[in-house]
Structures are given as C-alpha cells and as structure tokens.
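Trainee: I have a structure I would like to understand better, so I am pasting it below and will then ask my questions one at a time.
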C-alpha cells in the first residue's frame, strides 16, 4: 500500500517535531551518530509503510519505544557480524587450477560428432 499525502505530511511533521530528541536517544543507545540516524530513518520509513501510528495512544512514547527497539535490534545484528583480520585468513589457500592432460578424441567419435551436429 502506498502512503497517502496526509500520512506523509503527518509523519514528516512528527519527524520535524520529535526527530532531534529521538536522535539523541538513539545515539545514547547505539553509541554512534550515523547508526542512530539509520535507526531513526528505519523507524520513520516503517511508520510510512505500516501506518501503525493511528493506533498509538501516546505518539511520543510510541516513537521512543520504536526507536529503542530498532536500536537494540541493530545492536544485536551488529554483534553477530565479526570482522576478520587479513592475517586470520592464512588458513585459507585458494585451490590450484586443475590442469588435465589433453586427450585426442578417437577418429570414430569425432566423425560421429561431426555427422550429428546441427548446421
């Protein structure tokens, strides 16, 4: 479903009104401003897509809860991703190319191939 103009305007107004404190809150959780911005943008994009805002009794509390949950999910996912050092890849050696000796096809096979091939 595509958000209507009213939904977009409402979410944009909420972003302008509550964006700065939500960004500070997300930064406190994530520890990085860029990750906090990503979290905040994810929350507002989800609001545009899902339209769950209409069911919220307290919009400000709902937004803070959404940002908290999204930041914690982001932290959980980032903990799973472990960077490997270049030295740690010493155990891996790419396979050497397999070079097979060339065999000559028998003349009978070659003749049968030539006569059955499509021209």
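Trainee: Give the shape of the range 5-82 as rounded, prolate or oblate, defined through the alpha-carbon gyration tensor: a ≥ b ≥ c are the square roots of its eigenvalues, a/c under 1.5 means rounded, and otherwise the shape is prolate if a/b is larger than b/c and oblate if not.
Mentor: Details: a/c = 2.04, a/b = 1.80, b/c = 1.13.
Taking the square roots of the gyration eigenvalues as a ≥ b ≥ c, the range 5-82 is prolate.
Trainee: Another question about this same structure. Using alpha-carbon pairs under 8 Å, 6+ residues apart, how would you state the relative contact order of the range 5-82 in percent? Each step should come with its number before you reach the end.
Mentor: Values: 52 pairs, mean separation 27.4, N = 78.
Rounded, it is 35 percent for the range 5-82.
Read the figures in this text as sums done on the coordinates, not as results from a lab. From a predicted model like this one, the values you see are computed outputs, not experimental measurements.
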